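Asker: Structure incoming, see below.
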Amino acid sequence: MTTDMMSLRALLEKSSDVDLLREMIGFAAQRLMELEVGGLTGASHGERSADRINHRNGYRDRDWETRAGTVELRIPKLRKGSYFPAFLEPRRMAEKALAAVIQEAYVQGVSTRSVDELVKAMGMTGISKSQVSRLCGEIDGKIATFLDRPLEGDWPYLWLDATYVKARRDGRIVSVAVIVAVGVNSDGRREVLGLAIGTSEAEVFWTDFLRKLARRGLRGVKLVVSDAHEGLKAAIAKVLNSSWQRCRVHFMRNVLAHAGKQGRRVVSAFIGTAFAQDDAEAARTQWRQVADQLRPRVKKLAEFMDDAENGVLAYMAFPAAHRPKLHSTNPIERLNGEIKRRTDVVGIFPNDEAITRLVGAILLEQNDEWAVQRARYMTLETIAPLSDDPIVRLPAVAA
């Protein structure tokens with residue numbers, strides 16, 4: 001208590017009237033978090049206690065928007081489990097971004113009828129361009145900082161996918177591709193790595209996106225999971241020295257189209273036997289046997305399987321504990337579903353900046369939620385051997 005009083009007295013002496021309120025809010029919030037974490041761990045910071053039930057694991061920086069201004073917080077992290085202060089609002093950024101995009105569409109006169117109704121329902125009639133500009137400016141800087149942050153360490157696994165939204169360009173309404181990259185680092189944690197917007201999923205577009213990720217520090221990629229888009233495949237081969245996994249869900253949709261309505265169940269069961277094998281060699285052997293059995297009756301289907309073998313079974317060369325999360329783009333599809341749900345509210349975006357604002361806020365929120373999750377996406381014991389950095393490798397156990 002004496003130390004806290006001395007810190008508060010020093011704060012009062014050195015702060016100006018303008019910054020005093022913000023500094024006091026930050027001081028009180030930091031003290032509250034320390035008390036809460038002390039209760040969760042069973043001991044104060046630096047205290048040795050027989051009643052300790054958990055340990056601290058550093059801090060995570062986070063800006064807190066208050067009426068007194070931006071307060072920089074250092075949120076304590078726990079070695080087991082997670083901690084997130086109750087006074088923060090995890091979903092505030094995306095809701096504010098959605099309001100900003102709706103306002104901008106309304107002011108520029110490109111909103112649809114549903115957006116007009118939303119504006120009135122939210123009590124936002126009579127919006128000025130200066131108000132919209134001020135609100136957008138508050139959000140854009142944080143989104144840009146998040147999307148341009150350096151990528152540190154190795155990223156063994158990378159998921160890439162795209163969804164489409166409508167935007168106004170040069171007086172026309174067009175569909176634009178919104179591509180998202182999600183990776184798992186050598187610590188087993190999942191993060192959103194990047195976002196880009198383009199007119200199509202051409203090879204040039206994907207190549208430029210992957211090169212930007214590389215310039216920000218993306219390295220150590222062992223496997224890229226995506227659909228079989230030719231432009232994306234070419235970009236992966238050109239930029240990343242890694243294996244490529246074709247989404248198994250997308251593949252099965254394509255392969256069943258060759259099987260005919262009557263034979264889909266049989267073909268699906270046959271191919272599923274390859275996925276049930278314990279290792280890569282057994283899976284490839286079973287795959288070829290299934291293809292040879294189908295060849296006399298459905299030659300095109302067998303040839304399709306021949307061409308797809310390396311891509312569909314690439315994940316089998318990786319640890320068995322990771323395979324359920326590597327064989328498809330499902331992990332990123334859920335994120336795209338949330339993006340689609342939010343963007344459908346807007347309908348037509350006034351410009352590309354508005355798309356980046358809303359989608360970037362959604363990605364920032366999701367990244368924060370992943371950061372405070374109790375469990376790693378992949379365990380440290382199973383993912384550490386994949387790292388190229390010898391510092392993070394687990395020591396070998398002597399025989």
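The values are calculated or read from the model by the stated rules, or taken from the named source; none is laboratory data. Predicted model, so just to flag it, every value in this text is computed and none were measured. Cβ coordinates were reconstructed from backbone atoms using ideal geometry, including for glycine residues, and neighbour counts include every protein chain displayed. Remember, those area values only see protein heavy atoms, side chains included, never the ligands or the DNA or RNA. Shrake-Rupley method; radii C 1.70, N 1.55, O 1.52, S 1.80 Å.
Asker: In the set Ala167, Ala144, Ala196, Ala181, which member is over 20 Å from Arg246 (Cα atoms), small (Gly, Ala, Ser) and open to solvent by less than 10 Å² (accessible area, probe 1.4 Å)? Give the steps one after another, and end with the answer.
Answerer: Values: Ala144 fails: open to solvent by less than 10 Å² (accessible area, probe 1.4 Å); Ala196 fails: open to solvent by less than 10 Å² (accessible area, probe 1.4 Å); Ala181 fails: over 20 Å from Arg246 (Cα atoms).
So the residue among Ala167, Ala144, Ala196, Ala181 that is over 20 Å from Arg246 (Cα atoms), small (Gly, Ala, Ser) and open to solvent by less than 10 Å² (accessible area, probe 1.4 Å) is Ala167.
Asker: Shifting gears a bit: Open to solvent by 60 Å² or more (accessible area, probe 1.4 Å), in a helix (DSSP H, G or I), under 24 Å from Trp159 (Cβ atoms) and not β-branched (Val, Ile, Thr): is that true of Asn241 in this structure?
Answerer: On the way: open to solvent by 60 Å² or more (accessible area, probe 1.4 Å): yes; in a helix (DSSP H, G or I): no; under 24 Å from Trp159 (Cβ atoms): yes; not β-branched (Val, Ile, Thr): yes.
The answer is no for Asn241.
Asker: Taking the range 197-236, which residues are polar (S, T, N, Q), over 16 Å from the mean Cα position of the chain (by Cα) and modelled with pLDDT of 90 or more?
Answerer: Here is the first cut: in the range 197-236, the ones polar (S, T, N, Q) are 199-200, 207, 226.
Filter again for over 16 Å from the mean Cα position of the chain (by Cα), leaving 199-200, 207.
Thr207 - this is the single residue of the range 197-236 that is polar (S, T, N, Q), over 16 Å from the mean Cα position of the chain (by Cα) and modelled with pLDDT of 90 or more.
Asker: Here's a follow-up. As an exercise: evaluate Arg297 against (1) at pLDDT 90 or above; (2) not in a helix (DSSP H, G or I) and give the number of the one condition it does not meet.
Answerer: (1)
Asker: Name the one entry in Asn367, Asn330 that is surrounded by fewer than 22 Cβ atoms within 10 Å (Cβ to Cβ), in contact with a strand residue (DSSP E or B) (Cβ under 8 Å, 6 or more places away or on another chain) and closer than 16 Å to Val182 by Cα. I'd like the intermediate steps shown before the answer.
Answerer: Numbers: Asn330 fails: in contact with a strand residue (DSSP E or B) (Cβ under 8 Å, 6 or more places away or on another chain).
None of the other options fit; the residue is Asn367.
Asker: Then there's this: Would you pick out the residues in the range 192-228 that are among the small types (Gly, Ala, Ser), without any contact (Cβ under 8 Å) to a residue 24 or more places away in the chain and under 15 Å from Leu158 (Cβ atoms)?
Answerer: Scanning the range 192-228 gives a single hit, Ala196.
Asker: Scan the range 42-55 for residues that are of a type in the set (Lys, Arg) and either at pLDDT 85 or above or loosely packed, with under 11 Cβ neighbours inside 10 Å (or both) and jot them down. Show your work before the answer.
Answerer: At the first step, the residues of the range 42-55 found to be of a type in the set (Lys, Arg) are 48, 52.
Once the filter is applied, which keeps residues that are of a type in the set (Lys, Arg) and either at pLDDT 85 or above or loosely packed, with under 11 Cβ neighbours inside 10 Å (or both), the range 42-55 yields only Arg48.
Asker: Could you grab me the full set of residues in the range 280-316 that are open to solvent by 50 Å² or more (accessible area, probe 1.4 Å) and under 29 Å from the mean Cα position of the chain (by Cα)?
Answerer: Listed by number, the list holds a single entry, Asn310.
Asker: Pull out all pairs, ordered by first then second residue, where Cβ-Cβ is under 6 Å, the residues are six or more apart or on different chains, the first lies in the range 229-243 and is free of Cβ contacts under 8 Å to residues at least 12 places away in the same chain, and the second is of a type in the set (Ser, Thr, Tyr) and surrounded by 18 or more Cβ atoms within 10 Å (Cβ to Cβ).
Answerer: none
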